[in-house]
Amino acid sequence: MATSSSKLNTAVTQWYMDLPQGDKVQAMYIWIDGTGEGLRCKTRTLDSEPKTIEDLPEWNFGGTSIFPVERSNSDMYLIPKAIFRDPFRKDPNKLVLCEVLKYNRKPAVTNLRQMCDKIMSMVEDQHPWFGMEQKYTLLAIDGHPFRGPSNGFPGPQGPYYCGVGADKACGRDIVEAHYRACLYAGVMICGTNAEVMPVQWEFQVCPCEGISMGDHLWIARFILHRVCEGFGVVASFDPKLITGNWNGAGCHTNFSTKNMREEGGLRHVEEAIERLGKRHHYHIRAYDPKGGLDNVRRLTGHHETSNINEFSEGYFEDRRPSANCDPYAVTEAIIRTCLLNEDEEPTVYK
């Protein structure tokens, strides 16, 4: 089932998109909404092409429909923080990732970028690199798996991971469109593949240093939603979309510092893993928007996961973050534990 918007005449739309826009520029401001998972956007006209983030003005919106707001004042401010090329309107138009501040200029409850940026600035000399592997599942607008049987389930897992063929890889056109759009935008996308569950895919963003990891992953997610909008499908980041004998969806996170990448770096890797083990429950709280309640459905000890209450180690890749995690929260937690040596904060999940 496709959405009404996907059935619109794209040839007619393209006729208008090809019209000259004079010396004006369209800047699409993008921000994280009050759920901590959803993205919102709106566009304004600029008199010239912005070359740096300082060339972009602040903006605002009424937060009543998007954030929990104080009754006395619902004004919210959009503060531009990262700028990308717009793959939908093309040059010279821009995508602008924004932080959200409340009317009193304090961060909105889901503005985790501001604190993450502060933490990253404390370890600049260690040049922390991140790579995140974003899994997602394609759905029809009615919530069923994209091109899957409407009255049942696809065949069992096995042939889908990195699969080829119409009976194994559904939605490749969407994946290819998203990949090219990210490259055009300047997103540090470095790969993609079909995943273990049918109609599940993954893209990787890396290497990104410091705060740029969160910026690039959020914009990559936004571009994916926009591409899917055009195809009339939905991209879900639910970490356990289908219960039962199916893999969930994570956002595996790779991390290194300058010391880890140099000769003798294995010692620093082992020290970081030891610290991560001591703060396992702190990380579980940080690795999904609901403080672990989403991930408890995925991290069961089955389907290529460990139990949520247990810390295990292998390759230096944190496989605990959920697909719907906030990358600012994930990368901040890793820095706090591995580089700032904060103490353990125990809690229990059941």
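Within the set LEU78, LEU39, the sole residue that is touching a Phe, Trp or Tyr at 6+ places or on another chain (Cβ under 7 Å) and within 25 Å of ARG180 (Cβ to Cβ) turns out to be LEU39. Exactly one residue among ARG221, ARG172 is of a type in the set (Lys, Arg) and closer than 15 Å to LEU97 by Cα, and that residue is ARG221.
Note on the range 185-210: among residues that are surrounded by 24 or more Cβ atoms within 10 Å (Cβ to Cβ) and not in a strand (DSSP E or B), the one that is modelled with the highest pLDDT is VAL187.
Quick check on this structure: which one of GLU332, GLU274, GLU310 is open to solvent by 40 Å² or more (accessible area, probe 1.4 Å) and either part of a loop (DSSP other than H, G, I, E, B) or touching a Cys at 6+ places or on another chain (Cβ under 7 Å) (or both)?
GLU310
Scanning the range 306-319 for residues that are closer than 23 Å to LEU241 by Cα and more than 20 Å from the chain's Cα centre (by Cα) gives SER306, ASN307, ILE308, ASN309, GLU310.
With respect to the conditions (1) touching a Pro at 6+ places or on another chain (Cβ under 6 Å); (2) in a helix (DSSP H, G or I); (3) open to solvent by 40 Å² or more (accessible area, probe 1.4 Å), HIS225 falls short on a single one, namely (1). Assess whether LYS90 counts as being of a type in the set (Lys, Arg) and out of contact with any Lys or Arg (no Cβ under 9 Å at 6 or more places or on another chain). Taking the combined requirement at face value, the residue satisfies it. Condition (residue is touching a residue at least 60 places away in the same chain (Cβ under 8 Å), on the phi > 0 side of the Ramachandran plot and not hydroxyl-bearing (Ser, Thr, Tyr)) applied to the range 123-133: is it met by at least one residue? Yes; the residues of the range 123-133 include at least one that is touching a residue at least 60 places away in the same chain (Cβ under 8 Å), on the phi > 0 side of the Ramachandran plot and not hydroxyl-bearing (Ser, Thr, Tyr). On inspection, ASN93 does not qualify as more than 25 Å from GLU229 (Cβ to Cβ), in contact (Cβ under 8 Å) with a residue 24 or more places away in the chain and open to solvent by less than 60 Å² (accessible area, probe 1.4 Å).
Answer yes or no: is there a residue in the range 22-29 that is surrounded by 12 or more Cβ atoms within 10 Å (Cβ to Cβ), assigned to a strand (DSSP E or B) and more than 23 Å from the chain's Cα centre (by Cα). The answer is yes; a qualifying residue exists.
Kindly provide the set of residues from the range 96-127 that are among the aliphatic types (A, V, I, L, M) and open to solvent by 60 Å² or more (accessible area, probe 1.4 Å), ordered by number. Once the filter is applied, which keeps residues that are among the aliphatic types (A, V, I, L, M) and open to solvent by 60 Å² or more (accessible area, probe 1.4 Å), the range 96-127 yields VAL109, LEU112, MET115, MET122. On the basis of being part of a helix (DSSP H, G or I), in contact with a Pro (Cβ under 9 Å, 6 or more places away or on another chain) and surrounded by 21 or more Cβ atoms within 10 Å (Cβ to Cβ), does CYS182 make the cut? So CYS182 fits the description; yes. Kindly indicate whether any position in the range 255-266 is closer than 14 Å to PHE130 by Cβ, at pLDDT 95 or above and open to solvent by 40 Å² or more (accessible area, probe 1.4 Å). For the range 255-266, residues closer than 14 Å to PHE130 by Cβ, at pLDDT 95 or above and open to solvent by 40 Å² or more (accessible area, probe 1.4 Å): present.
Regarding GLY291, is this residue free of Cβ contacts under 8 Å to residues at least 24 places away in the same chain and either part of a loop (DSSP other than H, G, I, E, B) or open to solvent by less than 30 Å² (accessible area, probe 1.4 Å) (or both)?
Answer is yes for this residue.
Remark: ASP33 falls outside the filter, which requires a residue to be loosely packed, with under 12 Cβ neighbours inside 10 Å and either under 19 Å from ARG221 (Cβ atoms) or not β-branched (Val, Ile, Thr) (or both). Of all the residues in the range 228-240, those that are charged (D, E, K, R) and assigned to a helix (DSSP H, G or I) number 1.
The values are calculated or read from the model by the stated rules, or taken from the named source; none is laboratory data. Source: prediction; values computed, not measured. Because the Cβ atoms are built from the backbone with ideal geometry, glycine has one as well, and the counts that use them run over all protein chains shown. The protein model used for the area step is the full one, side chains on, heavy atoms only, and it has no ligands, DNA or RNA in it. Shrake-Rupley method; radii C 1.70, N 1.55, O 1.52, S 1.80 Å.
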